[in-house]
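What follows is a single structure, written as structure tokens, with notes after it.
What follows draws every value from the coordinates through simple rules; no lab data is involved. This is a predicted model, so every value here is computed, not measured. In this analysis, Cβ positions are derived from the backbone assuming ideal geometry, glycine residues included, and neighbour counts consider all displayed protein chains.
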Ligand code: MTE
């Protein structure tokens, strides 16, 4: 496990974003926590909620907040990533989604996911840990300071977006669980609710969706559990109420609607590498020099832009993460 302080490794933009976000008030964090407490039609507090104006965008906004907290529009603290590229629009990010539990059609995921109950919610941290935990999502908001992270998301299908996530490092939750000395990997599992998730009633993938990271990847300061986006709780189509975001890896690693983190000593099975082992590896690091067997990974289409742009090694996070793979043959598809 790497012993390195976040200030040594976290890129400047992350710190800047974090500072601005926290300064913009316990405000946004507070708003998020409150909103998170209220994101359910089942909670008996549904009257506190107003739906988003756009039928496809499932954001429930709490009413009766102090004016400073009651944003009428989703907000991000800055409008570009550290490379100077603009953020994708809220509508783009929430209407072009991969979430096979609901649909294989990216443009209908938002509609199909609209009735999903993402609150109340619990996350279990289990396996090779001294302190196994079951945390309510409300506890998670309270325990772990939420910060903004502006990251590129590069899908293995060669499209990308710039997304202002809100979340916290996975390392925070893992440290609290106290991994045992033999801990090597973390397995992540999506909720299994075929009654609410139409895709889970089909055999297109083995359900529930599972992913995994090596322990040092999971402990890396850029790897986060996201609970929000544009200063609001995650929409259902994005994996509400909590999902993984690992920005240097292809998007399929960023598993949605997570209910279990299991610390293991063996490499976890992952949904896509089980479905197509020759096409999707465990590591799945963004690499423009290693093509997918069926298409090039050298360039990508940024949603909202015309034409293509070159894909960057480790999705532009090479300086921060390359050391994790020292000695590995990166020309191989893992
Ligand atoms: N997580 C689950 N549970 N189910 C999925 O189908 N799709 C993955 C990933 N996480 C997926 C998932 C893929 S292929 C991508 S590219 C990203 O989610 C897309 O995230 P987004 O819809 O928020 O852009």
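Put the Cα centre of segment 98-157 next to the Cα centre of segment 170-184 and the gap is 19 Å.
Placing pseudo-labels 7 Å out from each Cα toward the beta carbon at residue 107 and residue 329 gives an inter-label distance of 4.3 nm.
Got a sec? Which residues in segment 305-334 would a label at residue 184 touch, if it sits 7 Å along Cα→Cβ and we count backbone N under 12 Å? So the set is empty, nothing qualifies.
Between residue 175 and residue 92, the C-beta separation translates, for a Förster distance of 41 Å, into a calculated FRET efficiency of about 0.75.
Using the Cα gyration tensor of segment 133-176, with a ≥ b ≥ c the square roots of its eigenvalues, what is the shape: rounded (a/c below 1.5), prolate (a/b larger than b/c) or oblate (neither)?
Because a/c hits 1.5 or more and a/b exceeds b/c, segment 133-176 counts as prolate.
Please label the shape of segment 157-237 as rounded, prolate or oblate, based on the square roots a ≥ b ≥ c of the eigenvalues of the alpha-carbon gyration tensor (a/c under 1.5 means rounded; beyond that, a/b larger than b/c means prolate, else oblate). Verdict is oblate for segment 157-237. The value of relative contact order for segment 90-231, using C-alpha pairs under 8 Å at least six residues apart, is 25 percent.
Under the criterion of Cα pairs below 8 Å and six or more residues apart, the relative contact order for segment 221-334 equals 19 percent. With neighbour counts taken as other beta-carbon atoms within 10 Å, the residues 246, 166, 134 rank, fewest first, as 134, 166, 246. By the count of neighbouring beta-carbon atoms within 10 Å, fewest first, 278, 220 end up ordered 278, 220. The slack between residue 143 and residue 269, meaning 0.36 nm per residue of separation minus the straight C-alpha distance, is 42.4 nm. Remark: 147, 112 ranked as 112, 147, counting other beta-carbon atoms within 10 Å and listing the fewest first.
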